[in-house]
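**Q** Would you mind keeping the following structure in view while I ask a few things?
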Amino acid sequence: MGEIVLDRVHKSYDGKTSAVEEISYTVQQGHFVTLLGPSGCGKSTTLNMIAGLEDVSGGTITIDGGRVDELPPDKRDLAFVFQDYALYPHMTVYENMAFGLRMRKTPKADIDRRVRDAAERLSLEPFLDRKPRDLSGGQRQRVALGRAIARRPAVFLFDEPLSNLDALLRDRTRTELKQLHQELGATSVYVTHDQEEALTLSDKIAVMSRGRLEQYGTPQEIYDSP
Ligand code: ADP
Ligand code: ADP
């Protein structure tokens, strides 16, 4: 599960200029795909449309054959990890990780098992009763990752999830994130402007520039091309 198909996807916020121009590609099930390009080239817009957080102006996006924009949010089998973590400040780490499952009426025992499993994978067990404000930036980012993996969705969407971390923590979290993707057998789409990140993480890279898809291929294909 988790094949994503973009078919002539277009986005204009103002009806005149294009944030994203007629983009088509398929993200194969189980692949890790990065959207790479400079600020303002349309990466987040593309990711938000895949998430169904932003309407397409034209074209279609399907996940496993179903159009994301025709599914209510709680029926979309995907989890989004935001750059600024987007944790609920009044909830504990446990409650933050459990929230998405609660919304989907997951049985309590399952929620508990999944939250504890996610906490273990990310070494968050000691922090389950803390509030986000009592955590470091790196710990908060792991909670945001934990909240996503507790859901065990078919698709993970990441919007520059490591950019607020220092270099050492970024490398470590990047390795963890790729490992989790592989262990969970998920499909991942990951937004970054960092070439090295794209190179080390990706099965395929979608290179974007000014709203256009310039290239779509393996890291080797992208970096070996003239
Ligand atoms: P990136 O993620 O690559 O930095 P974005 O997708 O955020 O690029 O932006 C692509 C273009 O769309 C930019 O020109 C940006 O100014 C514009 N844009 C993004 N979000 C909005 C919005 N909510 N309203 C209007 N324009 C937007
Ligand atoms: P109930 O309302 O039936 O007491 P809860 O939702 O409070 O159920 O708890 C169900 C399970 O979730 C418990 O086994 C508990 O271990 C776990 N749990 C709930 N909240 C927390 C929390 N803040 N920290 C750690 N574990 C929690």
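The values are calculated or read from the model by the stated rules, or taken from the named source; none is laboratory data. Given the structure is predicted, the values throughout are model-derived calculations rather than measurements. Note that each Cβ is placed from the backbone with ideal geometry, even for glycine, and that neighbours are counted across all protein chains shown. Only protein heavy atoms, including side chains, enter the accessible area calculation; ligands, DNA and RNA are left aside. Shrake-Rupley method; radii C 1.70, N 1.55, O 1.52, S 1.80 Å.
**Q** Are any residues in the range 87-98 within 11 Å of ligand 2 (Cβ to nearest atom) and touching a residue at least 12 places away in the same chain (Cβ under 8 Å), and if so, which ones?
**A** Within the range 87-98, Met91, Thr92, Val93, Tyr94, Asn96, Met97, Ala98 meet the criteria.
**Q** Okay, next question. For residues that are touching a residue at least 60 places away in the same chain (Cβ under 8 Å) and in a loop (DSSP other than H, G, I, E, B), tally how many sit in the range 14-39.
**A** 9
**Q** Can Gln141 be described as at pLDDT below 95, touching a strand residue (DSSP E or B) at 6+ places or on another chain (Cβ under 9 Å) and either open to solvent by 40 Å² or more (accessible area, probe 1.4 Å) or away from ligand 2 (no atom under 16 Å from the Cβ) (or both)?
**A** Yes.
**Q** Could you run through the range 169-190 and say how many residues are out of contact with any Gly (no Cβ under 9 Å at 6 or more places or on another chain) and aliphatic (A, V, I, L, M)?
**A** Of the residues in that region, 4 qualify.
**Q** Considering only the range 1-19, how many residues are within 29 Å of Arg152 (Cβ to Cβ), modelled with pLDDT of 95 or more and either open to solvent by less than 10 Å² (accessible area, probe 1.4 Å) or polar (S, T, N, Q) (or both)?
**A** Number satisfying all stated conditions: 3.
**Q** Condition test on Gln215, is it polar (S, T, N, Q), in a helix (DSSP H, G or I) and either at negative phi or crowded, with 16+ Cβ neighbours inside 10 Å (or both)?
**A** no
**Q** Could we say that Val27 is open to solvent by less than 20 Å² (accessible area, probe 1.4 Å), closer than 16 Å to Asp194 by Cα and hydrophobic (A, V, I, L, M, F, W, C) here?
**A** Against the criterion (open to solvent by less than 20 Å² (accessible area, probe 1.4 Å), closer than 16 Å to Asp194 by Cα and hydrophobic (A, V, I, L, M, F, W, C)), Val27 does not qualify.
**Q** Considering only the range 96-118, state which residues are surrounded by fewer than 17 Cβ atoms within 10 Å (Cβ to Cβ) and part of a helix (DSSP H, G or I).
**A** Arg102, Met103, Lys108, Ala109, Asp110, Asp112, Arg113, Arg116, Asp117
**Q** Oh, and also: Only one of Asp77, Asp69, Asp84, Asp129 is within 14 Å of ligand 2 (Cβ to nearest atom) and open to solvent by 30 Å² or more (accessible area, probe 1.4 Å). Can you tell me which?
**A** Answer to the check: Asp129.
**Q** Answer yes or no as to whether Gln220 is away from ligand 2 (no atom under 16 Å from the Cβ), exposed (fewer than 15 other Cβ atoms within 10 Å of the Cβ) and closer than 22 Å to Met1 by Cβ.
**A** Against the criterion (away from ligand 2 (no atom under 16 Å from the Cβ), exposed (fewer than 15 other Cβ atoms within 10 Å of the Cβ) and closer than 22 Å to Met1 by Cβ), Gln220 does not qualify.
**Q** Determine whether the range 47-60 contains at least one residue that is within 13 Å of Val155 (Cα to Cα), assigned to a loop (DSSP other than H, G, I, E, B), more than 11 Å from ligand 1 (Cβ to nearest atom) and open to solvent by 50 Å² or more (accessible area, probe 1.4 Å).
**A** Taking every residue of the range 47-60 in turn, none turns out to be within 13 Å of Val155 (Cα to Cα), assigned to a loop (DSSP other than H, G, I, E, B), more than 11 Å from ligand 1 (Cβ to nearest atom) and open to solvent by 50 Å² or more (accessible area, probe 1.4 Å).
**Q** Looking for something part of a helix (DSSP H, G or I) and farther than 23 Å from Ser24 by Cα - is there at least one such residue anywhere in the range 76-94?
**A** Taking every residue of the range 76-94 in turn, at least one turns out to be part of a helix (DSSP H, G or I) and farther than 23 Å from Ser24 by Cα.
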